[in-house]
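To start, the structure itself, in structure tokens.
The values are calculated or read from the model by the stated rules, or taken from the named source; none is laboratory data. Here the structure is a predicted model, which is why all the values come from computation and not from measurement. Using ideal geometry, Cβ is built from the backbone for each residue, glycine included, and neighbour counts are taken over all protein chains shown. Just so you know, the surface numbers come from the protein's heavy atoms only, side chains and all, with ligands and any DNA or RNA stripped out. Shrake-Rupley method; radii C 1.70, N 1.55, O 1.52, S 1.80 Å.
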Amino acid sequence: MIEITYLDAAKAERKMTFESYEDFELSQQACLIGVADYHPVKKLVYNGHDLNYQGTYGDVYFFLMKQDLSQYN
């Protein structure tokens, strides 16, 4: 499971949840979500592990592509 906590345009904390990496990847490739790429991410959690990510929502996909996520299964 992937949980992305980010700040929206009003600086309110929001959370997006995906059941799997594949679900997240599909949402990115198909542009299925309405979250702007520039929103800052406060926390990125994969299978209960905080990945210490600092950046924007738009860069989460590229960050996860570079990670060895098998260590968190």
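Overview of results
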| quantity | calculated |
| --- | --- |
| Accessible area (Å², 1.4 Å probe, nearest 10) - E19 | 130 Å² |
| Region 2-72 - Rg and Dmax from Cα coordinates, angstrom | 11.4, 35 |
| Check: the chain dipole with +1 on Lys, Arg Cβ and -1 on Asp, Glu Cβ, in debye | 280 debye |
| Approximate spin-label separation N52-M65, in nm, with each point projected 7 Å along Cα-to-Cβ | 2.3 nm |
| CD proxy at 222 nm, helix term only [per DSSP H run n ≥ 4: -39500 (n - 2.57); per residue of the chain; nearest 500] | -7000 deg cm²/dmol |
